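To start, the structure under review is shown below, and the notes come after it.
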Amino acid sequence: MKTKVCGLKFTSNIEALAKLPIDYMGFIFYPKSSRYVGEELDVFCLKNIPKGIKKIGVFVNEDLDIIMFKAKKYGLNGIQLHGEESLQICESIKRNGLEVIKAFQIDEEFDFEKLAAYRSSADYFLFDTKSKQYGGSGKKFNWGILKQYKGKTPFFLSGGIGADDVKDIKEFKHEQLYALDLNSAFEDVPAQKNKNKLARFLKEIKMTTKNKYAVDERGYYGQFGGAFIPELLRANVDELRENYLKIINSKQFQTDYHRLLNNYVGRPTPLTKVENLSKQYGTNIYLKREDLTHTGAHKINNTIGQILIAKYMGKKRIIAETGAGQHGVATATVCALFGLECVVYMGALDVQRQAPNVARMKMLGAKVIPAVSGNQTLKDATNEAIRDWIANPESFYLIGSVVGPHPYPDLVTRLQSIISKEIRKQLQEETGNLNPDYVIACVGGGSNAAGAFYHYLNEEKVQLIAVEASGLGVNSGETAATITIGDVGFIHGSKTMLMQDEDGQITEPYSISAGLDYPGVGPLHAHLAVSGRVSYISATDQEALDAAKLLAQSEGIIPALESAHALAALDKIKFKKEDVVVVNLSGRGDKDMETYMKAFA
Amino acid sequence: MNRIDQLFQTKKKNILSIYFPAGYPHLNDTNSTLELLQKKGVDLVEIGIPFSDPLADGPVIQTAAKRALDNGMSLKLLFQQLENARGNIAMPLILMGYWNTVYKYGVDHFLADCRKSGVDGVILPDLPVEEYEEDYKAKFELAGIYNILLVTPQTTRERLMQIEKSAKGFLYMVSSLATTGGILHYDSKREEYFKKVSQLDIPSLIGFGIHNKESFQHASRFANGAIIGTAFIKALQAGNSEKFLNGLR
Ligand SMILES: Cc1ncc(COP(=O)(O)O)c(C=O)c1O
């Protein structure tokens, strides 16, 4: 849900509030209002408000010329019309490229039928309490009346909303409720808002309103997800589903999880501005340094969280699958830390390809079982891990990405969301803005991308780019670009996009990077692709190798081959000079040295 | 009347069901295997639709499925083979496969082809009962194709009730928590589970781990009969399937 703080005029107050996660600021240009900006509104201060916050001018029955003059002078993004303005005025303003918010004063007699006429000329409606002075009464109206509003134009809810209304807002469910308009209840004196009071309220609202890309009660993201598992796994999956939220929302889990992330994993990981690369691409590139975590990849964020859940559930034996061995190592690591038995399934072919990681897992005390079924890679290792879980329901299956039956995709997404949580905070400190223009991440199953995107999913202005591995090329038949070439199907208990032949047999993927060599993708990503929220592109083996070399030689950082696919996207997008681009560097390249040595020999 | 109901109305005990993968060991063996099973008095047949990722199956069925796929077996081809078979085959026929192959084929198309080729029911282990009820039950019932549902030792009483409500034909009682091809051990808890399920109004067959005459007879004491899969596939592979079937009765 968006928020608008209205009735501002004092420079220092505006500057202070600009640091809050609000979406709109409103300035009242109606001379009879006690919050009228008058002549002292600071043009320079308004121009410096971050792009993420839209500036709205509020007028009452004003002439179009004056409205447009003020809009230009103060760089307004939209106009709120709070009187009896005609349709023509709305349309003229809209034609000038400004957002139009048409306000209406609501009481029991209000006729919602008349709103239909404004449908094409107003971007939003604003529903305020009816009063004699065109709003600003500071009183609430009976929101129940809005049940009668069945139109398609989203609206701002206004009129006396205060800190005590969080619960009512949560319970007030209206499909078109778009934003809250906040004003007098957060003031010390007229037009002077209390920053702390607002900040607390915004935080509470954020926690109670629904994220439209979140999983629903049935375990679905839009049409994708669910738990398509044999009855044999039902009790196992139900046990986890019934416990996971309770556990991760508990104080004890949060304390343990964050303590381990800070003191064992090495978080927060830095956000590094890479100056040389930025210069080459003519923009501002930041790397989120998951490569600097303990064990060298983002995978540990997830295994730390899941091992705590396993411990709280009283589990003694951990099962995991691994492709490149990164998740296997991260699992073996946390099992060693917590003294739990660890069994890792790894495709027999991958056991040969990733010998150093096999050695690490063994040294950490894990038992590595080569999966000899199917094509002997990650897909088959996952099958074997699930079969083990069928036979050993008292064990905990510690899955390695945002895949599998519900609740795994949601669980792993939540655990990886620490990545974007940190990016926001770090960017704010670095650039003064929580939001970059782009976030780029590679996608195998999709966990590092889910984590890097998570807190930006509802910030529609932030462009999210996911990079799949296209191997020898999207149409070569030797590829792992699931979303690019796959279609809807079922894999490892989830309805999602996958690579399959015309008979529904799952096909073997190919990529130079073992971590991206998976024929499916998490259901969240299938949903983000179909809904258009995230752009899915791909990079070939060669493009990834080139990108890895470039980063190594211009910044002194050797990336994992998986992460190199995300870096390869820098070549595929035209950035503006002022853009802020964050690339999630999911892991370090130590494990890939043999491949790099061969490629660059 | 559906042939599955007919069978359970006329025979209450020692019902023998055999599972084998289509197109195994050779592509065109499906029909000759069916004829052999009928000749040997098998009551019910489950024909496996081969799938690349059979999650609930052990190594023997996995390998057999892979071989069938390598032979060129597909659902489309299976329906063609069955259309020729039905004339000589009176046993109820059930297709057993994973949901992805059916979904990809198209559920309506699949049901229509089941009817056309005389298939009486299906077993789709990874289509959970709630998904079935929500999206597909009406279609299956309209087509008269029975969706045979699985229960396991871990299925709670509540869930058992839910499954029974949607079940048709019989319940597939999975003997143990394992993939196919294991060994079935009896203890008091297991017998209690078998008794609980066999007390329901719907008939039941026990499967997973039944591999010879002795285990068949033992399991049949707790249900209307039992299902043999892995052991029969091993016999097919060794070329002594007829002898294996002779030894079961
Ligand atoms: C460094 C690194 N990045 C990315 C991935 C891909 O996984 P995901 O898409 O779940 O982030 C892996 C998987 O092994 C990895 O090791």
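May I ask you to list the aspartates and glutamates whose Cα is less than 17 Å away from that of A:Lys102, ignoring any residue fewer than eight positions away on the same chain?
Those aspartates and glutamates meeting the cut-off are A:Glu62, A:Asp63, A:Glu84, A:Glu85, A:Glu91, A:Asp111, A:Glu113, A:Asp123, A:Asp128, A:Asp181.
Could you list the GluC sites (Glu not before Pro) in segment A:161-208 that lie in coil according to DSSP, counting only those with at most 11 other Cβ atoms within 10 Å of their Cβ? Show your work: numbers first, answer last.
Values: sites: A:Glu171, A:Glu175, A:Glu187, A:Glu204; in loops: A:Glu175.
Filter output for segment A:161-208: A:Glu175.
Share of antiparallel DSSP beta bridges in chain A, in percent to the nearest 5?
Details: 17 of 84 bridges.
Once the DSSP bridges in chain A are tallied, antiparallel ones form about 20 percent.
In nm, to one decimal, how far is the modelled label at A:Glu84 from the one at A:Lys197, with both set 7 Å along Cα→Cβ?
Using points 7 Å along Cα→Cβ, the separation is 3.4 nm.
How many partner chain Cβ atoms sit within 10 Å of a residue's Cβ in peptide A:490-498, on average, as a whole number? Walk me through the numbers before you get to the answer.
Values: counts 10, 4, 3, 3, 0, 4, 0, 0, 1.
Going residue by residue through A:490-498 and averaging, the value is 3.
Averaging over all projection directions, find the projected area of the Cα convex hull of segment A:483-531 and quote it in nm² with one decimal place. Show your work: numbers first, answer last.
On the way: hull surface 14.1 nm².
With the hull built on Cα positions only, its mean projection is 3.5 nm².
Mean 1/r over all different Cα pairs, inverted: what Kirkwood radius does segment A:336-420 give, in Å? Provide the component values of the computation, followed by the final result.
On the way: mean 1/r = 0.0714 Å⁻¹.
Here the Kirkwood hydrodynamic radius works out to 14.0 Å.
Among the aspartates and glutamates, select those whose C-alpha is under 15 Å from the C-alpha of A:Lys549, and discard any that sit fewer than 8 residues away in the same chain.
Partners found: A:Asp541, A:Glu562, A:Asp571, A:Asp590, A:Asp592, A:Glu594.
On each of the three principal axes of the Cα atoms of the protein assembly as shown, give max minus min coordinate, whole Å, ordered largest first.
Projected onto its principal axes, the Cα set of the protein assembly as shown covers 102, 71, 48 Å.
Normalised by the empirical 2.2 N^0.38 Å for globular proteins, what value does the Cα Rg of chain B take? It would help to have the intermediate numbers written out before the result.
On the way: Rg = 16.7 Å, N = 249, 2.2 N^0.38 = 17.9 Å.
Rg over 2.2 N^0.38 Å, computed on Cα atoms: 0.93.
Could you compute the FRET efficiency for B:Ala238 and A:Thr272, with r as their C-beta to C-beta distance and R0 at 51 Å, rounded to 0.05?
Working: r = 63 Å, r/R0 = 1.23.
According to the calculation, E is roughly 0.20.
For segment A:526-601, report the convex hull volume of the alpha-carbon atoms normalised per residue, in Å³, without decimals.
115 Å³
List for segment B:135-178: residues with 50 Å² or greater reduction in accessible area, all protein chains versus chain alone, probe 1.4 Å?
Buried by the other chains: B:Gln154, B:Arg159, B:Leu177.
May I ask you to list the chymotrypsin sites (Phe, Trp or Tyr not before Pro) in segment A:1-69 that are in a DSSP loop and have at most 15 other Cβ atoms within 10 Å of their Cβ?
none
Take the cross-link list A:Lys311/A:Lys379; A:Lys19/A:Lys54; A:Lys19/A:Lys51 and give me the ones stretching past 18 Å between alpha-carbons.
Details: A:Lys311/A:Lys379 27 Å; A:Lys19/A:Lys54 13 Å; A:Lys19/A:Lys51 12 Å.
Beyond 18 Å between Cα atoms: A:Lys311/A:Lys379.
How would A:His294, A:His565 rank on accessible area, largest to smallest, probe 1.4 Å?
Details: A:His294 75, A:His565 0 Å².
Ranked from most to least accessible, the order is A:His294, A:His565.
May I ask you to list the trypsin sites (Lys or Arg not before Pro) in segment A:481-575 that are in a DSSP loop and have at most 11 other Cβ atoms within 10 Å of their Cβ? It would help to have the intermediate numbers written out before the result.
Working: sites: A:Lys495, A:Arg533, A:Lys549, A:Lys572, A:Lys574; in loops: A:Arg533, A:Lys572, A:Lys574.
Qualifying residues, ordered by number: A:Lys574.
Are any of the pairs A:Lys55/A:Lys421; A:Lys598/B:Lys66; A:Lys299/A:Lys425; A:Lys273/A:Lys299 more than 28 Å apart by Cα-Cα distance, and if so, which? Can you show the working numbers first?
On the way: A:Lys55/A:Lys421 26 Å; A:Lys598/B:Lys66 34 Å; A:Lys299/A:Lys425 21 Å; A:Lys273/A:Lys299 23 Å.
Over 28 Å Cα-Cα: A:Lys598/B:Lys66.
What percentage of the solvent-accessible surface of chain B, computed with a 1.4 Å probe over protein heavy atoms, is contributed by carbon and sulfur atoms? It would help to have the intermediate numbers written out before the result.
Details: 4740 of 9960 Å².
Here carbon and sulfur together make up 48 percent of the probe-accessible area.
What's the average, rounded to a whole number, of partner chain beta-carbon atoms within 10 Å of each residue's beta-carbon in B:55-62? Display every interim value, and only then the final one.
On the way: counts 14, 8, 4, 4, 3, 0, 0, 6.
Per-residue shielding by partner chains comes out at 5.
Under 20 °C and 1.002 mPa s, how fast does segment B:55-102 diffuse according to Stokes-Einstein, given a Kirkwood radius computed over C-alpha pairs? Answer in µm²/s, whole number.
Details: Rh = 12.5 Å.
Estimated via Stokes-Einstein, D reaches 172 µm²/s.
Rounded, prolate or oblate: which one fits segment B:54-174, using the alpha carbon gyration tensor with axes a ≥ b ≥ c (rounded when a/c is under 1.5, else prolate when a/b beats b/c, else oblate)? Don't jump to the answer; show the numbers that get you there.
On the way: a/c = 1.78, a/b = 1.29, b/c = 1.38.
Note, shape of segment B:54-174 comes out oblate.
Would you compute the Debye intensity of segment A:2-206 from its alpha-carbon atoms alone, equal scatterers and no solvent, and pass along log10 I(q)/I(0) at q = 0.09, 0.15, 0.17, 0.18 Å⁻¹ to two decimals?
Values, matching the q order: -0.31, -0.91, -1.21, -1.37.
Could you tell me what percent of the accessible area of segment A:4-54 is made up of carbon and sulfur, with a 1.4 Å probe and every protein chain present? Present the calculation step by step, with values, prior to reporting the outcome.
On the way: 1260 of 2210 Å².
Result for segment A:4-54: 57 percent of the exposed heavy-atom area is carbon or sulfur.
Please list, or write none, the lysines whose alpha carbon is within less than 17 Å of the alpha carbon of B:Lys195, excluding same-chain residues fewer than 8 places away.
By straight Cα distance, B:Lys195 reaches B:Lys12, B:Lys13.
For segment A:395-512, treating each Cα as an identical point scatterer without solvent, what Debye log10 I(q)/I(0) comes out at q = 0.17, 0.21, 0.22 1/Å?
-0.92, -1.17, -1.22
I'd like the orientation of helix A:326-338 relative to chain A: the angle between its Cα long axis and the longest Cα principal axis, in ° from 0 to 90, rounded to 10.
Relative to chain A, helix A:326-338 is tipped by roughly 90 degrees.
Rounded to the nearest 5, what % of DSSP beta bridges with both residues in segment A:78-231 are antiparallel? Before the final figure, lay out the partial values.
Details: 4 of 20 bridges.
Among the beta bridges of segment A:78-231, antiparallel pairing accounts for roughly 20 percent.
In whole angstrom, how far apart do the alpha carbon centroids of segment B:150-188 and segment A:47-107 sit?
That distance is 66 Å.
The values are calculated or read from the model by the stated rules, or taken from the named source; none is laboratory data. If you're wondering where the values come from, they're calculated on a predicted model, not measured in any experiment. Positions of Cβ are generated from backbone atoms using ideal geometry, with glycine treated the same way; all protein chains shown enter the neighbour counts. Surface areas here come from the heavy atoms of the whole protein model, side chains and all, with no ligands, DNA or RNA. Shrake-Rupley method; radii C 1.70, N 1.55, O 1.52, S 1.80 Å.
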